[in-house]
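Just below is one structure, and these are the notes that go with it.
The values are calculated or read from the model by the stated rules, or taken from the named source; none is laboratory data. Computed from a predicted structure; not experimentally measured. For neighbour counting, all protein chains shown are included, and Cβ atoms are generated from backbone atoms with ideal geometry for every residue, glycine included. Accessible surface is based on the protein model in full, side chains and every heavy atom, while ligands, DNA and RNA are left aside. Shrake-Rupley method; radii C 1.70, N 1.55, O 1.52, S 1.80 Å.
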Amino acid sequence: DAGVIQSPRHEVTEMGQEVTLRCKPISGHDYLFWYRQTMMRGLELLIYFNNNVPIDDSGMPEDRFSAKMPNASFSTLKIQPSEPRDSAVYFCASREALRANEQFFGPGTRLTVL
Amino acid sequence: AQSVTQPDIHITVSEGASLELRCNYSYGATPYLFWYVQSPGQGLQLLLKYFSGDTLVQGIKGFEAEFKRSQSSFNLRKPSVHWSDAAEYFCAVGPSDTGRRALTFGSGTRLQVQP
């Protein structure tokens, strides 16, 4: 099993540009989570999906952030327009419905907005 | 609302010494508790978990944790620390007593190991 796959691993962009982060969960997992990690705020949940449906997006900071899961094997997190304060490491995680909350994390995408 | 507190932001221990990282939680029902480790530049790896049963749980890399309901604690321990254990450690609780399926993480404890 390849684990949770995220791309790109590093992204450097300029303020105002659109950024798209990608995630492929572990095959067979029903839940997918997007987290953001910063020094100031630690690890924050942004949004999570169950069977491709967004369940809780209360952690999405503002309308500039959007997430989709068009199928069970792919999700995107988009920031448009990006701002310097969006600089962080973004993690994707997934888990099976029957293995309560044992989440498996991807390696993360380090985003730098200049 | 549930919450997790890791009171120690940064801990330094000597290689070979014992280690205890503290975790306190606030939760309205029986919690599921987790410890994750994050090495520099890496994602989070599950060390161990507690769901029910024996309150002393064993994990990978020689770690263990003890669930103490009366103290609302789930402290992580290791009898002899290795230099490779230097990393950041996160305690987490879930699911939410409101039905939210996501984990709530503590702020983390950064472990430094001195030779």
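Here are some notes:
- Taking every residue in B:23-36 and counting other chain Cβ atoms within 10 Å of its Cβ, the average works out to 1.
- In Hz, Karplus ³J(HN,Hα) per residue of the range B:62-76 (6.51, -1.76, 1.60; θ = phi - 60°; x = Gly, Pro): x, 8, 9, 9, 10, 8, 10, 4, 5, 9, 6, 10, 8, 7, 9
- Phi-based couplings in Hz for the range A:75-82 (Karplus 6.51, -1.76, 1.60; Gly and Pro marked x): 9, 10, 10, 10, 10, 8, x, 7
- Dipole magnitude of the range B:4-68, debye to nearest 20 (Cβ charges: Lys/Arg +1, Asp/Glu -1, about Cα centre): 180 debye
- Placing unit charges on each Cβ (+1 for Lys and Arg, -1 for Asp and Glu) gives the range A:1-86 a dipole about its Cα centre, and among A:76, A:60, A:8 the Cα reaching farthest toward its positive end belongs to A:8.
- Among the residues of B:5-14, the average count of other protein chain beta-carbon atoms within 10 Å of the residue beta-carbon is 0.
- In this structure the amide hydrogen of residue B:108, modeled in the peptide plane, comes within under 5 Å of the amide hydrogens of B:6, B:91, none closer than 5 places in sequence on its chain.
- Of the whole protein surface, residue A:9 contributes about 100 Å² of accessible area at a 1.4 Å probe radius.
- Accessible area (Å², 1.4 Å probe, nearest 10) - residue A:23: 0 Å²
- With contacts taken as Cα pairs under 8 Å and at least 6 residues apart, the range A:34-114 reaches a relative contact order of 25 percent.
- The mean number of Cβ atoms from other chains found within 10 Å of a Cβ in peptide B:38-46 is 5, as a whole number.
- Cα centre as origin, Lys/Arg/Asp/Glu Cβ charges: the range A:1-72 dipole, Debye: 180 debye
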